[in-house]
Amino acid sequence: MAERIITNPGTRLRASVQVPGDKSLSHRALLFAAIAEGDSYISGLGPGDDVHSTIEALDQFGVIVDGEKIRSPGIAHWRVPTEPIDCGNSATAMRLLAGVLSTSPVKATLVGDSSLSARPMHRLVEPLTELGGNIDTSPEGTPPLKVGGATGAQGNSVTIDVASAQVRSAFELAALNASGPSMIDSPPGFRDHTERWLIAAGRGEWASATAFTVLPGKIVPARYEVPGDPSSAAYLWALAAIQPGGEVLTPTVSLNAGRLGFLQILEEMGAEVEALVTGEVGGDPVGDVKVTGRTLSAVDVAGDLVASALDEIPLVAVVGAYAQGITRVSDAAELRVKESDRIASTAAMIRALGGGIDLRRDGFEVVGTGFLEGGVVETAHDHRIAMSAAIAAMRADGPVTIRDAEIASVSWPGFYETLEAMW
Ligand code: S3P
């Protein structure tokens with residue numbers, strides 16, 4: 001697999017970058033469009049392999065994505081696929097699609113790559129079954145998933161114990177096909193994109209700060225605009241933050257509160273952060289973010305903040321290494337079941353670069369010295385580790401070699417080229 005060697009450019013950063021379309025919202029826009037019967041339009045779809053997995057999966061159900069146009073026969077008339085549906089590396093594709101299918105007449109088998117095949121899917125079984133949906137996992141609770149063929153889902157109320165937007169969204173999309181209303185509750189901190197879009201479609205309402213009621217019925221064709229991905233922009237925010245005086249502007253990114261934990265962390269560490277809401281898509285705020293680097297000090301990250309910075313925790317370790325003091329992350333056991341065991345792979349990355357980090361069951365403690373040597377990083381086939389290592393490289397003393405570097409295309413094809421063009 002191809003490796004990349006990245007060196008510190010040695011000059012100060014000042015850049016404005018429009019990051020690619022948001023991955024979470026791209027999956028949702030595609031599924032909302034695919035459920036509806038007729039032509040929907042999506043602008044700004046994310047270009048990553050994960051979003052492509054959803055597009056290819058939908059093709060097997062007879063939903064055609066042609067540029068910005070999505071033509072669907074409607075969920076009731078989806079074609080029954082003859083082959084297993086390959087969700088690639090994408091848990092969002094698999095979990096949301098499993099939800100949609102579980103209460104539909106269409107039977108399908110969902111499979112994934114070696115990383116996705118090891119991820120926990122049993123967390124979907126109870127909520128979807130309570131609703132009246134059909135879903136089966138392997139005996140280990142992992143893919144392949146056998147879903148669909150259910151008729152007569154009644155709806156139900158469930159409470160889940162992880163703040164997982166994927167599980168919530170799977171349930172909520174499944175609940176659209178039930179005969180009566182359903183409700184789901186979970187701990188806070190999750191990204192509430194699906195809930196906001198369901199409200200905009202007239203298909204749901206909040207019952208409390210965390211409990212959401214789904215009103216079953218049709219989704220009609222619509223136009224969706226996908227803003228920039230804050231989880232991609234986060235790499236550039238981190239890059240500005242680790243260089244005193246460095247500055248990055250990322251226009252039109254999603255400013256959903258469930259996505260902004262990392263900005264709060266950077267601010268608490270001493271970076272200057274400005275976020276300006278400029279609009280809304282489906283009731284979900286969008287805006288411009290500017291981060292300016294200042295002297296950084298260590299921070300403690302725990303509780304609800306972890307859920308809203310979940311995908312950015314490897315970056316917290318990188319920024320923590322370039323700060324002064326011990327940065328602690330706890331309550332982050334969910335990271336053990338991401339694209340890699342991200343507590344282990346983050347620690348391995350920091351150590352490979354010459355940094356100090358101690359592992360905890362639910363997090364880590366990274367020693368901030370303001371300095372990393374450089375070295376060779378194995379990505380554990382995880383896009384977020386590859387990209388975090390590239391950011392660490394931009395301030396490291398020596399070169400950083402990233403093995404399996406092209407895995408970054410899971411969320412951001414062209415990431416390294418964008419970095420190079422910023423100087
Ligand atoms: C996502 C939710 C999060 C996040 C993932 C995308 C989504 O996962 O880590 O990258 O689009 O709903 P969980 O919901 O499993 O926490």
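The values are calculated or read from the model by the stated rules, or taken from the named source; none is laboratory data. It should be emphasised that the depicted structure is a prediction, and the values quoted were computed from it without experimental measurement. Counting neighbours? That spans all protein chains shown, and the Cβs are built from the backbone with ideal geometry, glycine included.
Collect the residues in region 230-246 that are under 30 Å from Ile42 (Cα atoms) and touching a Leu at 6+ places or on another chain (Cβ under 8 Å), keeping them in residue-number order. Correct list: Pro230, Ala234, Tyr235, Trp237, Ala238.
Met121 falls short on exactly one of the conditions (1) free of Cβ contacts under 8 Å to residues at least 40 places away in the same chain; (2) more than 17 Å from the chain's Cα centre (by Cα), and that condition is (2). The condition of being out of contact with any Phe, Trp or Tyr (no Cβ under 8 Å at 6 or more places or on another chain), over 15 Å from Pro221 (Cα atoms), in the same structural domain as Ala165 (by TED's automatic domain parsing) and not basic (Lys, Arg) holds for only one of Val65, Val51, that being Val51.
Of Thr346, Thr327, Thr295, which residue is farther than 30 Å from Ile199 by Cβ and within 16 Å of the ligand (Cβ to nearest atom)?
Values: Thr327 fails: within 16 Å of the ligand (Cβ to nearest atom); Thr295 fails: within 16 Å of the ligand (Cβ to nearest atom).
Thr346 is the lone residue from the list that is farther than 30 Å from Ile199 by Cβ and within 16 Å of the ligand (Cβ to nearest atom).
Every condition in (1) in contact (Cβ under 8 Å) with a residue 60 or more places away in the chain; (2) not assigned by TED's automatic domain parsing to the domain that holds Leu372 holds for Leu30 except the one numbered (1). In region 268-322, of all residues being touching a Phe, Trp or Tyr at 6+ places or on another chain (Cβ under 9 Å), buried (at least 18 other Cβ atoms within 10 Å of the Cβ) and assigned to a loop (DSSP other than H, G, I, E, B), the one that is modelled with the lowest pLDDT corresponds to Gly282.
Tell me, yes or no, whether region 180-197 has at least one residue that is buried (at least 23 other Cβ atoms within 10 Å of the Cβ), touching a residue at least 60 places away in the same chain (Cβ under 8 Å) and more than 16 Å from the ligand (Cβ to nearest atom). So far as region 180-197 goes, no, none of its residues is buried (at least 23 other Cβ atoms within 10 Å of the Cβ), touching a residue at least 60 places away in the same chain (Cβ under 8 Å) and more than 16 Å from the ligand (Cβ to nearest atom).
Considering only region 46-74, state which residues are farther than 20 Å from Gly228 by Cβ and among the polar types (S, T, N, Q). Across region 46-74, the qualifying residues are Ser53, Gln60, Ser72.
When you look at Val147, is it farther than 22 Å from Pro188 by Cα, buried (at least 24 other Cβ atoms within 10 Å of the Cβ) and either within 13 Å of the ligand (Cβ to nearest atom) or modelled with pLDDT of 95 or more (or both), yes or no?
yes
When residues of region 215-227 are filtered for being within 16 Å of the ligand (Cβ to nearest atom) and either touching an Asp or Glu at 6+ places or on another chain (Cβ under 7 Å) or under 21 Å from Ala150 (Cα atoms) (or both), how many remain?
Within region 215-227, the first condition is being within 16 Å of the ligand (Cβ to nearest atom), and the residues that meet it are 224, 226-227.
Narrowing further to those that are either touching an Asp or Glu at 6+ places or on another chain (Cβ under 7 Å) or under 21 Å from Ala150 (Cα atoms) (or both): 226-227.
Of the residues in region 215-227, 2 are within 16 Å of the ligand (Cβ to nearest atom) and either touching an Asp or Glu at 6+ places or on another chain (Cβ under 7 Å) or under 21 Å from Ala150 (Cα atoms) (or both).
Quick one: is Leu176 over 28 Å from Ile42 (Cα atoms), more than 22 Å from the chain's Cα centre (by Cα) and assigned by TED's automatic domain parsing to the domain that holds Cys87? So Leu176 fails the test.
Quick check on this structure: which one of Val248, Val158, Val214, Val167 is among the aliphatic types (A, V, I, L, M) and within 17 Å of the chain's Cα centre (by Cα)? Unique residue meeting the criteria: Val167.
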